[in-house]
Structure formats: structure tokens, C-alpha cells
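The values are calculated or read from the model by the stated rules, or taken from the named source; none is laboratory data. From a predicted model like this one, the values you see are computed outputs, not experimental measurements. Cβ coordinates were reconstructed from backbone atoms using ideal geometry, including for glycine residues, and neighbour counts include every protein chain displayed.
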Amino acid sequence: MRFFAACLHRCASVWVEPALALKREAAYNAAMTATIPAGKGSKMSNYYLVDWHNTEARGWTDIIPASILQLKENRRKLRHELVGKKGEVIIATFDVERRADGKLLLRYGGRNASANKTVGVYRGDMLIDPKDFRKTKTLSWRDEDEEKFEPIRVTIRSTVVEGVPLASTAKSSPRRSGRLKAIKQALGRSVGSCEACGCKGHPGYGDARHACFHVHHRRALAKGERLTKLNDLAYICANCHAVITALGEMPFDRFIKRLQRASY
């Protein structure tokens, strides 16, 4: 049995050529303002972070607005983000069909095949049950040319974040995108270590270990208005964050090199 379903609908950056990765990034930049405005009219919205555990997709996370699970009718040309192992973000385009049994069919093929192929998103169907979605341990996927669904093991987490696109304009003020920060925190917790020094926090901290870490802009907001994306943020320990500040908001890349030189 071909287990292509394991690829799911994400781009497999671990095996595609660099040119496709660049194409995906360009497609994201063009589509980032068209993501689903989940919770429209509200400052805060619920999202589900879906981590895949199959070999090909491990390290990728789907960011699915909870509003999708509440749809009572069919919808076309919706979008959600996928975050890769290195923080890269791409946009998946899909239709939603509500079945008679209450389950939702998310269709990434058909009329959406061309758009998804361009950015490297796998084409096919994903079947989800809105009931107790947070507790789901497996999701069903089938390739566009197949009839049978295959179960894929997943971990699903929920988070409440600001309802703005993953890419947002950050001005020279302390304001940060709540959605970016919350998603970076959730992804960082799954890794559990500082991106600068590798610190994991004392084991005695237990479930409160995450309190040791902050989300940091790799380039200080005071440097002026710009477009901030998820991979412009770093998940670092409080010590490194304090030292970067003490060093005059040293650019993150320079700080990393400083640590590397000191370790030799």
C-alpha cells in the first residue's frame, strides 16, 4: 500500500529542491494577507496547532482556526498556514464540505490543486470530526487519486491568539503581534530549549519550565516599520533575552556568533 498519505498536504521541505522552497516563500508573501480572518470582529481567536508524527511530515504544524470547525455550510477557497521545521510558513488553500454525519471534509485538491501545487502543499482530502477535535489522536487523509482514507497520528493543541495574519506590520513601538507571539511560544514549547544557548530550564521547574522563555524579535522593533513573519521571532531563555537587551538590543544573528566564539 502506498503510504503517500503520510506526506499529508504539506510541502516536504526535507526533500524538495531549494528552488521550490523559494517559490513557496514567494507564494506565502503574496497570500499572507488573505488568510482566514477567524473570529472576525473579535480581538482574540481560537486556533488549533496540529503536529504530524509521520516520518515525512514530522516537524510540520498546521495552524487551523477553530472557526472552521463551526462551519454549518460548505465553503470554498479558504486558507490556513503551515509552519515548517525551520519556521518557514506556507499557505494551504482548501474547500470545506460538511457531510451528513457532521464530519468536515477539507479538500486540498480539485479546484485548489494548482494553487497548492505551486507552494508545495500536497493535494488530497482530510476528514475531521469537529466533536472533541482537541482530543483527536489521528486524522484521516487520502490522496487526490485515492478513495480510501489512511489514519495519520497527530498531536493537537489549542491556543488563543490575536486574530491577525501570520505576517503583520511591526512598527517602532512595543506593540507585538499577539498571534505571532502565541504561535511561536506554542512551537517553542514543543522544542523546549533556547534558540541561542540551548538552555532547557531546570528539571525541577516541571510544567512551569516554559516561564523561563521569551519570544524575541531577531531585529529590534526600534529599527523601524517592517513586515514581521514567524521566522523573524526567536524562542530564547530569559537570561539570553536580558543579555541581548544589556548589549543594546544586539541583532540576534550577531548574538549567536558571539556565543559561538565564546564556546571555542
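Values as computed for the structure displayed
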quantity: Test: Asn239 is at pLDDT below 90 and surrounded by fewer than 18 Cβ atoms within 10 Å (Cβ to Cβ); calculated: no
quantity: Considering residues of region 24-72 that are closer than 18 Å to Lys184 by Cα and in contact with a Pro (Cβ under 7 Å, 6 or more places away or on another chain) only, the residue modelled with the lowest pLDDT; calculated: Met32
quantity: Residues of region 71-114 that turn out to be outside any loop (DSSP other than H, G, I, E, B) and of a type in the set (Lys, Arg), as a count; calculated: 7
quantity: Residue in region 178-199 that is at pLDDT below 65 and either surrounded by fewer than 16 Cβ atoms within 10 Å (Cβ to Cβ) or not assigned by TED's automatic domain parsing to the domain that holds Asn46 (or both) present; calculated: yes
quantity: Single condition Ala92 does not satisfy, out of (1) surrounded by fewer than 21 Cβ atoms within 10 Å (Cβ to Cβ); (2) small (Gly, Ala, Ser); (3) touching an Asp or Glu at 6+ places or on another chain (Cβ under 9 Å); calculated: (1)
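Matching residues to (1) in contact with a Leu (Cβ under 9 Å, 6 or more places away or on another chain); (2) aliphatic (A, V, I, L, M); (3) crowded, with 16+ Cβ neighbours inside 10 Å:
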{"residue": "Tyr48", "(1), (2), (3)": "yes, no, yes"}
{"residue": "Asn54", "(1), (2), (3)": "yes, no, yes"}
{"residue": "Ala57", "(1), (2), (3)": "yes, yes, yes"}
{"residue": "Ala66", "(1), (2), (3)": "no, yes, yes"}
{"residue": "Lys72", "(1), (2), (3)": "no, no, no"}
{"residue": "Gly84", "(1), (2), (3)": "no, no, yes"}
